[in-house]
Amino acid sequence: MTTPIDLRSDTVTRPTAAMRAAMAAAEVGDDQYGEDVTTTRLQERCAALLGKEAAMWLPSGTMANQVALRVLTRPGDEVVTSREAHAGWHETGGAAANAGVQLHEVGAGGVFTQAEFEAAIKPRGLPVFPPTTLVQIENTHNRAGGVVFPQAEVERICAAARARGIATFLDGARLWNASVASGRSVAELAAPFDLVAVAFSKGLGAPGGSLLAGRHELIVLANRHRRMLGGAMRQTGHYAAAALHGLDHHLDRLADDHRHARQLAEALAGSPAVRLDLATVQTNIVVFHLAEGAPDAATVVARAREQGVLLNAFGARTVRAVTHLDVDEAQVRAAAERLRELLG
């Protein structure tokens, strides 16, 4: 059977032979005693890359986001996020269950403005309102199609938050993509925030692992919450070695994924069955909508699978495709041809 072209997510990648070799050779120890030197090396390197005082490895991006909420908020607080943020749509209600907070979505297309943020802040001193204690930005924004949040607006929002005593958190699971697409360093993108999360299991191709970075006292508190949530692991150096290999060898090539996503998007945009704003295709994610009269998303995903192309339905008439290091240009062209044929 021909191997399918898997565009469901950049999380489906498998470690390369070189990454597996790095994992096998990793020096490990018990991370709970601070003895896993490979994990320590990764944390120190990422803290420096992100321009923060300290960093801590976690098993998953969702846990990183949940720990950040517990560090920066209290139960009953309100968090301002973008519309369709990962925190509200893809963490199975964790914000409410784990941190006891509610989310207030603002803006459109994965971004929002300082004015929209300020309008969402609940007045202090009125007991009927939950206090707004955190603003969270997702960069790049998954459901909006991998768009990069404009940095000038990030800086205005975070400055407004600081002036009001509101904490700031960057869900930067795909911050590496945002950096490559914008030409800005991850340190510059992370600078305005109290806490920053990044993932290694997406564009960098590691089999797991994320990281939180921020001030020392916040990471100390995050370590306690990681333990509460069951994320305190032992010989994590095998995962850390994969992440370090990804930073060394898979970072610059993210530009290839972005180019492939653009090629796929341009091919799909030519179909009368597709509604796709090419301005949203800024990194490695293509989110497209199905025109009236075209099959619905579930049907398209099922038919595409029959043709050897794997996609995700993101709504009744919305489909997502994601490019990554396990899909080359020839496969992207083949996927585009098959999708145009079945949509035609």
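The values are calculated or read from the model by the stated rules, or taken from the named source; none is laboratory data. Computed from a predicted model, the values in this text were never measured in an experiment. Here the Cβ positions follow ideal geometry from the backbone for every residue, glycine too, while neighbour counts run over all protein chains shown.
Going by the structure shown, is L134 assigned by TED's automatic domain parsing to the domain that holds A191, assigned to a strand (DSSP E or B) and in contact with a helix residue (DSSP H, G or I) (Cβ under 6 Å, 6 or more places away or on another chain)?
Yes; evaluated as a whole, the condition is true for this residue.
Would you point out which residue out of H260, H289, H238, H245 is in contact (Cβ under 8 Å) with a residue 40 or more places away in the chain and outside the structural domain of L175 (by TED's automatic domain parsing)? Can you show your working first?
Details: H289 fails: in contact (Cβ under 8 Å) with a residue 40 or more places away in the chain; H238 fails: outside the structural domain of L175 (by TED's automatic domain parsing); H245 fails: outside the structural domain of L175 (by TED's automatic domain parsing).
Only one candidate qualifies: H260.
Restricting region 189-217 to residues that are part of a helix (DSSP H, G or I) and free of Cβ contacts under 8 Å to residues at least 60 places away in the same chain leaves a set whose member that is surrounded by the fewest Cβ atoms within 10 Å (Cβ to Cβ) is E217. Reported count of residues in region 75-107, each being within 16 Å of T168 (Cβ to Cβ) and in a loop (DSSP other than H, G, I, E, B), is 4.
Look through region 230-271, keep the residues that are basic (K, R) and under 21 Å from the mean Cα position of the chain (by Cα), and return whichever of them is nearest to V147 (Cα to Cα). Let's see the steps before the verdict.
Quick first cut of region 230-271, residues basic (K, R) only: 234, 253, 259, 262.
Now restrict to residues that are under 21 Å from the mean Cα position of the chain (by Cα): 253, 259, 262.
Details: R253: 18, R259: 14, R262: 12 Å.
Among those residues, the one meeting the criterion is R262.
Considering A316, A297, the condition of being surrounded by fewer than 14 Cβ atoms within 10 Å (Cβ to Cβ), without any contact (Cβ under 8 Å) to a residue 60 or more places away in the chain, more than 19 Å from V332 (Cα to Cα) and not assigned by TED's automatic domain parsing to the domain that holds A24 is satisfied by A316 alone.
Is it the case that region 220-229 has a residue that's more than 16 Å from the chain's Cα centre (by Cα), outside the structural domain of H260 (by TED's automatic domain parsing) and assigned to a loop (DSSP other than H, G, I, E, B)? Write out each step before concluding.
Here is the first cut: in region 220-229, the residues more than 16 Å from the chain's Cα centre (by Cα) are 220-229.
The next check asks that each one be outside the structural domain of H260 (by TED's automatic domain parsing); those that pass are 220-229.
Still in the list and also assigned to a loop (DSSP other than H, G, I, E, B): 229.
The answer is yes; a qualifying residue exists.
Of the strands (runs of 3 or more DSSP E) contained entirely in region 230-344, those carrying at least 3 residues that are β-branched (V, I, T) and under 23 Å from H141 (Cβ atoms) fall at 285-290, 318-322.
Can you pull out every residue in region 326-339 that is in contact (Cβ under 8 Å) with a residue 12 or more places away in the chain and either hydrophobic (A, V, I, L, M, F, W, C) or outside the structural domain of G308 (by TED's automatic domain parsing) (or both)? Listed by number, the residues that qualify are V327, V332, A334, A335, A336, L339. If you filter region 25-59 down to residues that are more than 23 Å from the chain's Cα centre (by Cα), touching a residue at least 40 places away in the same chain (Cβ under 8 Å) and in a helix (DSSP H, G or I), you find that the one that is surrounded by the fewest Cβ atoms within 10 Å (Cβ to Cβ) is Q32.
Across region 134-164, the number of residues qualifying as over 21 Å from G209 (Cα atoms) and either touching a residue at least 12 places away in the same chain (Cβ under 8 Å) or buried (at least 24 other Cβ atoms within 10 Å of the Cβ) (or both) comes to 20. Any chance region 224-243 includes a residue that's surrounded by fewer than 21 Cβ atoms within 10 Å (Cβ to Cβ), closer than 24 Å to D36 by Cα and among the polar types (S, T, N, Q)? The answer is yes, given that some residue of region 224-243 is surrounded by fewer than 21 Cβ atoms within 10 Å (Cβ to Cβ), closer than 24 Å to D36 by Cα and among the polar types (S, T, N, Q). Does G145 qualify as being in the same structural domain as C46 (by TED's automatic domain parsing) and either outside any loop (DSSP other than H, G, I, E, B) or more than 20 Å from the chain's Cα centre (by Cα) (or both)? Spelling it out, it is not the case that G145 is in the same structural domain as C46 (by TED's automatic domain parsing) and either outside any loop (DSSP other than H, G, I, E, B) or more than 20 Å from the chain's Cα centre (by Cα) (or both). Scanning region 108-128 for residues that are out of contact with any Gly (no Cβ under 9 Å at 6 or more places or on another chain) and in contact (Cβ under 8 Å) with a residue 12 or more places away in the chain turns up A108, V111, F112, Q114, E118, A119, A120, I121, K122. Tallying residues that are assigned to a loop (DSSP other than H, G, I, E, B) and closer than 29 Å to A313 by Cα within region 108-122 yields 4.
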